[in-house]
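Here the structure comes first, spelled out in C-alpha cells, and everything after it is commentary.
The values are calculated or read from the model by the stated rules, or taken from the named source; none is laboratory data. These numbers were taken from a predicted model, which means no experiment stands behind them. With ligands, DNA and RNA removed, areas are computed over all heavy atoms of the protein, side chains included. Shrake-Rupley method; radii C 1.70, N 1.55, O 1.52, S 1.80 Å.
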Amino acid sequence: MSFQNIEEVSDRHLHIIWTNADPMTSANMVMMYAKNSLLNNWWDKVTVVLWGAPQKLIFENEEVRTEMEFARDAGVEFSACISCSNILGLTDALNKENIETIRWGQKLTLLIQNGRHVLTV
C-alpha cells in the first residue's frame, strides 16, 4: 500500500493524517470524508494514516471501528505509524486488522515537499 518513491503517488491520491482521538471527529470528518471521497469520485485513492492516539481509539470504540469498516468497504486504505504503534504496544494488533505499520515520518515529509495532497486531522 505505501509508496516506495514519490512518483508512485498520483495527484489524485489523498493522504489523511489522522491524529485526533475524538470519536465524533473520527466519524464526522475522517471516515465520512474518506469514504465519500471515493464514493463520489472526488479522489482516485484515499489513504488514512493512523498517527498516535487513533491507533488506540479503534480498539476501544466499536462505533469508530464500524465506521472504519464502512470506509474500507468503499476502498479507503489504512496505514499506521509504526513508531507510535510500537510505543503503544499495538503493532501486532494493527497488523492482525490488516493495517500496515510502517515508518511514516520520511514518507509524510516527501508528500509535503513534493506538493502532494495531505489533510491532517
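State the percentage of accessible surface on the chain attributable to carbon and sulfur atoms; use a 1.4 Å probe and exclude ligands, DNA and RNA. Let's see the in-between values first.
Working: 3110 of 6340 Å².
About 49 percent, which is the carbon plus sulfur part of the accessible surface.
Given Cα positions, please report Rg to Rh for the stretch 47-121, the hydrodynamic radius being the Kirkwood one.
Radius of gyration relative to Kirkwood radius: 0.97.
Return the whole-Å distance between the Cα centroid of the stretch 18-37 and the Cα centroid of the stretch 65-111.
Distance between centres, Cα-based: 14 Å.
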